[in-house]
Amino acid sequence: MLDRDVRTWTVLLSGSARVGSFSEALDCFRRMQNECVLPNKFTLSCVLKCCSGLYELRMGKGVHGWIVTSGIGLDVALENSILDLYVKCEAFDYAKKLFELMEDRDNVSWNIMVGAYLQIGEVERSLDLFERLPEKGVVSWNTIVDGLMKNGLQGTALELLYRMISSGHVFNKVTFCIAFNLASSLSNVELGRQIHGLVLTFGVQDDRFIRNSLIDMYCKCGEMEKAHVLFRKISGEFLRTRNSKISCEAEIVSWSSMISGYVRNGEYEDAFKTFSSMVREQVWVSKFSLTSIVSACANAGILELGRQMHAYITKVGHKVDAHLSSSLIDMYAKCGSLDDAWIIFKQTDNPNVVQWTSMISGCALHGQGREAVRLFEYMMKKGVTPNEVTFIGVLTACSHAGMLEEGCDYFRLMEEAYGIMPRFEHFACMVDLYGRAGRLNEAKEFIYNNRLSHLSAVWRSLLSSCRLHKDFSTAKWVSEKLLQLEPFESGPYILLSNMFAAERKWEEAAKIRSLMQQRGVRKHPGQSWIQLKDLVHTFVAGDRSHPQVTEIYSYLDKLIGRLKEIGYSSDVEMVMQDVEEEQGEVLLGHHSEKLALVYGIISTPCGTPIRIMKNLRVCTDCHTFIKRTSQLLGREVIVRDIRRFHHFKHGRCSCGDYW
DNA sequence: TGGTTATTGG
């Protein structure tokens with residue numbers, strides 16, 4: 001078959017390119033050259049497209065050079081293909097030069113450059129270019145709106161979208177996708193609904209891209225029911241068209257969107273259910289879905305399921321990429337197994353900023369502040385630029401480890417060296433840092449100096465510090481502030497009334513309680529849960545609903561008795577904490593974490609570590625109780641509360657009683 | 001030439 005002509009080759013080559021087999025297409029091209037068959041312009045534009053798809057800059061440059069010397073003649077279309085290749089391969093200098101040298105530039109050339117400047121964050125230049133565009137087509141508008149959004153300029157993007165409409169440009173399918181994205185990144189479900197209306201008016205509701213963008217928009221705006229209705233509507237159609245590759249791809253995307261939507265909205269149960277249906281219906285489980293589901297395991301704190309998902313990733317044959325590895329690191333850390341997080345982290349070749357941040361935050365979560373800081377320093381030495389999330393991790397680490405000076409240094413470094421403006425979360429970390437270190441006045445000053453006094457979260461943090469350092473009067477002052485700021489949160493009421501009670505000011509205590517009742521404020525129920533085999537057992541304070549209730553309580557009583565023999569006594573400091581509500585004296589010793597702990601002890605063999613999750617902070621009494629139990633029974637107990645991990649071993653806790 | 005799903009923190 002030596003006499004294949006250029007047309008035969010081109011059919012072969014473009015066929016491979018069309019189905020995305022770029023390497024095969026380029027192989028074809030090489031064989032064609034070996035056989036000394038001269039390519040035509042169409043062949044060349046296909047080849048260039050494949051090069052940019054594979055980020056094959058070197059080969060692309062070679063082809064460019066060959067075109068120039070071969071005398072085949074450059075036309076605008078071919079030059080645009082080269083321009084696009086340079087932009088996709090991030091060879092912006094080449095792209096700029098080529099654009100300057102081009103004799104004929106059409107709309108496409110301009111659009112590519114507008115997109116190029118947006119890609120490298122030179123927004124002003126791209127806007128300038130856009131305004132100078134001789135003729136603005138739909139693609140130009142789409143490019144600028146999309147690029148502005150990706151540069152975080154949602155407001156400007158929206159303005160341009162409105163300008164596009166008012167100047168009489170008609171949306172195409174791509175515009176709809178971009179507009180839905182814009183609505184979700186603005187969390188503007190009303191805008192989303194309006195665009196949904198337009199989709200129906202235009203009759204493009206069956207386009208797969210548009211449908212998926214629509215579902216995704218509702219997911220990201222928190223409207224899961226609406227998303228689910230749309231999803232159900234189309235899933236039947238997917239079943240009928242399973243034989244088409246395009247349909248399969250679209251279906252995979254829509255499942256991923258639903259799963260990530262449930263996870264994003266904290267509806268883990270639904271996320272797991274959707275994932276199971278996806279497997280049952282034999283839909284290809286993509287990395288996207290797995291990343292989300294691993295993150296669900298992380299947040300729900302279900303280590304065993306997380307492990308199963310990790311095994312599943314391997315079984316399906318997915319390579320653990322940057323997204324998967326960072327969510328796995330995060331999952332193991334949040335589920336209490338920092339060792340496993342380290343294993344994944346160490347397997348990573350060149351960790352990116354997210355992977356570093358996951359590991360740093362993981363150390364912080366487990367109270368290993370020094371380790372977190374060491375990692376952070378090492379990361380910077382490696383030339384990886386930290387982002388705002390990394391700093392949240394580092395500041396939290398400093399705060400939990402009582403590293404005041406280091407924390408202050410990093411807070412300065414953030415803005416001075418990296419130009420990251422502190423956000424609310426960073427300020428909150430600082431208040432926590434000062435407070436935990438016992439600098440309550442400095443914390444207060446920090447709040448006022450940075451105009452944070454309207455934010456209840458920073459006062460809540462200060463309140464915890466008052467408790468930690470037993471500063472009764474400041475605590476009372478802060479509680480009153482909180483009571484004004486969030487009159488419908490139960491915490492401050494309970495704290496205040498407890499504090500009055502401790503001072504034996506019964507009338508005032510009762511007044512606060514009745515005010516709380518009048519306003520209809522309800523306390524968040526404290527919950528603890530423990531996973532044994534495949535079951536998650538959940539407990540609330542004084543819970544009597546568990547089938548083994550008698551056994552649990554009788555063991556608990558026995559345990560309390562034995563602990564008292566070695567010096568344990570109920571801690572009275574808990575009046576200064578926002579913990580579970582107690583109603584009677586009997587309940588005092590029956591906080592949910594104690595019940596979960598006892599259930600763990602009686603259900604597992606001696607020596608097995610016990611892992612407990614809790615939706616509030618551990619109270620001082622329970623903390624002491626668990627410490628003593630770990631000593632008495634020689635059991636390791638790992639508790640994840642709402643803020644961090646506590647590793648109890650030999651009568652001590654990893655938090656050093658500083659939490 | 002442009003468009004859909006994922007990770008750290010909220």
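What follows is calculated from the coordinates using simple rules that are stated; it is not laboratory data. Everything numeric in this text was worked out from a predicted model, so none of it was measured. Neighbour counts run over all protein chains shown; Cβ positions are idealised from the backbone, glycine included.
Miscellaneous remarks
- Taking 0.36 nm per residue of sequence separation and removing the Cα-Cα distance, the A:ARG264/A:VAL389 pair yields an extension gain of 43.3 nm.
- Table column - 3J(HN,Hα) (Hz), region A:440-447, Karplus curve with 6.51, -1.76, 1.60, x for Gly and Pro: 5, 5, 5, 4, 4, 4, 4, 4
- Averaging Cα coordinates gives a centre for region A:262-295 and one for region A:459-477; these two points are 42 Å apart.
- Under 5 Å, built H, 5+ apart or other chain: amide partners of A:LEU532: A:HIS537
- If the chain linking A:PHE488 and A:GLU551 were pulled fully straight, counting 0.36 nm for each residue of separation and taking away their Cα-Cα distance, it would gain 18.9 nm.
- Residues with amide H under 5 Å from that of A:ARG652, placed H, sequence gap 5 or more: none
- Shape call, chain A: gyration tensor on alpha carbons, a/c limit 1.5: prolate
- Gyration tensor (alpha-carbon) shape descriptor, region A:42-173, a/c threshold 1.5: prolate
- Mean-position separation - Cα centroids, region A:113-164 and region A:587-659, in angstrom: 55
- Residue-wise HN-Hα coupling along region A:467-482, computed from phi with Karplus coefficients 6.51, -1.76, 1.60 (Hz; x: Gly, Pro): 4, 4, 9, 6, 8, 4, 6, 4, 4, 5, 4, 5, 4, 5, 4, 5
- Put simply, the amide H of A:ILE612, placed in the peptide plane, has neighbours under 5 Å in A:ILE638, A:VAL639, A:ARG640, leaving out anything fewer than 5 places away on its chain.
- Whole-Hz Karplus values for region A:523-531 come out as 7, 5, x, x, 9, 10, 9, 9, 9 Hz, taken residue by residue from phi with 6.51 cos²θ - 1.76 cosθ + 1.60 and θ = phi - 60°; glycine and proline positions read x.
- Once C-alpha pairs closer than 8 Å and six or more residues apart are averaged by separation and normalised to the residue number of region A:359-501, the relative contact order reads 16 percent.
- Packing around the peptides A:206-215, A:393-402, taken as the average count of other Cβ atoms within 10 Å per residue, puts them in this order, highest first: A:393-402, A:206-215.
- Three-way shape label, region A:1-105, alpha-carbon gyration tensor, a/c 1.5: prolate
- Efficiency of FRET between A:SER277 and A:PHE202 - r from beta-carbon atoms, R0 25 angstrom, step 0.05: 0.20
- Proximal lysines to A:LYS315, defined as alpha-carbon separation beneath 29 angstrom and excluding residues fewer than eight positions away on the same chain: A:LYS245, A:LYS273, A:LYS287, A:LYS334, A:LYS346, A:LYS533
- You can think of it this way: the chain between A:ARG30 and A:VAL68 has 11.8 nm of extra reach, that is 0.36 nm per residue less the Cα-Cα gap.
- Among the listed pairs A:LYS558/A:LYS627; A:LYS150/A:LYS381; A:LYS136/A:LYS173; A:LYS470/A:LYS523; A:LYS476/A:LYS505; A:LYS61/A:LYS136, a Cα-Cα separation exceeding 22 Å is found for A:LYS150/A:LYS381; A:LYS470/A:LYS523; A:LYS61/A:LYS136.
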